[in-house]
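First up is the structure itself, then whatever we jot down about it.
The values are calculated or read from the model by the stated rules, or taken from the named source; none is laboratory data. Treat the numbers as computed from the prediction; the structure is a model and nothing was measured. In this analysis, Cβ positions are derived from the backbone assuming ideal geometry, glycine residues included, and neighbour counts consider all displayed protein chains.
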Amino acid sequence: MAARNYGQYCGVTTALELVGERWALLIVRDLLVGPRRYTDLKQGLPRIPTNILSTRLKELQAAGVVRRLPMAHGLAYGLTDYGRELEDVVLALGRWGFQAMGDPAPDDIITADSMTMAFRTAYRADAATNDPTTAYEVRLGDIGLGIRTGIDGLAIAPTSGDFSPDLAFATGPGIRLLISGELPAASAIRGGTVQVLSGDPALLERFARTFHLPPGG
């Protein structure tokens, strides 16, 4: 258990004592994408000191949030059923924090796991179910994500050779303006915020409707 103790009898207080230490919720965020080895977690959170990562993992295990999993090549960490209950909390925090996001600092990084959770945060199931199933490939620097939306829900995974998207595009941090609705799809293409690599450019408007976080929403 984390050493922090607020001395109050309250569910919010207990939650903060379990996952409120620095880096803890970011570890949970990445594990919501799937089990990760220690080295995967360190690579996804390059600024976390190794001793802090080890400590946080031990604390989260003691709290029943994280468990160790046997893998083909060693051990990995995954969330328990109790830990997975934090998904709605993490997504809600992402939606809340999105409203205050400005431009990234020069040394800010984007990872596949952070972008996967960002798209899950912005996903609007009500919009997606009104459209045909659509496959997108989104490239952000070296990161490539395959995204499928539709009546069957949302699926996101790193792109593979057999993934055939209806629309493939490259973008950068400016995609935030598309998702917020500040930048229309056509303007995003025309101004270079989005570079269509293949497929139907008109589908970017569907993408922006499916992944949408309006200011205050």
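Those helices (runs of 4 or more DSSP H) of segment 13-101 in which at least 2 residues are loosely packed, with under 15 Cβ neighbours inside 10 Å, considering only elements entirely within it, cover 38-44, 50-62, 81-84, 87-98.
Remark: ILE189 falls outside the filter, which requires a residue to be closer than 23 Å to PRO214 by Cβ, in contact (Cβ under 8 Å) with a residue 60 or more places away in the chain, touching a Leu at 6+ places or on another chain (Cβ under 7 Å) and not basic (Lys, Arg).
How many of the residues in segment 157-178 are touching a residue at least 60 places away in the same chain (Cβ under 8 Å) and either part of a strand (DSSP E or B) or over 13 Å from ARG139 (Cα atoms) (or both)? Total meeting the criteria: 1. Considering segment 137-152, and only residues there that are closer than 15 Å to ASP126 by Cα and modelled with pLDDT under 95, the residue that is surrounded by the most Cβ atoms within 10 Å (Cβ to Cβ) turns out to be GLY150.
Scanning segment 113-171 for residues that are of a type in the set (S, T, N, Q) and more than 17 Å from LEU203 (Cα to Cα), which turns out farthest from the chain's Cα centre (by Cα)? Even if it seems obvious, please write down each step before you answer.
Step one: filter segment 113-171 for residues of a type in the set (S, T, N, Q), giving 114, 116, 121, 129-130, 133-134, 149, 159-160, 164, 171.
Cutting the leftovers down to more than 17 Å from LEU203 (Cα to Cα) gives us 114, 116, 121, 159-160.
Values: SER114: 4, THR116: 4, THR121: 7, THR159: 16, SER160: 19 Å.
The qualifying residue farthest from the chain's Cα centre (by Cα) is SER160.
Just the residues that are buried (at least 18 other Cβ atoms within 10 Å of the Cβ) and out of contact with any Gly (no Cβ under 7 Å at 6 or more places or on another chain), please, taken from segment 121-131. Answer for segment 121-131, where residues must be buried (at least 18 other Cβ atoms within 10 Å of the Cβ) and out of contact with any Gly (no Cβ under 7 Å at 6 or more places or on another chain): ALA122, TYR123.
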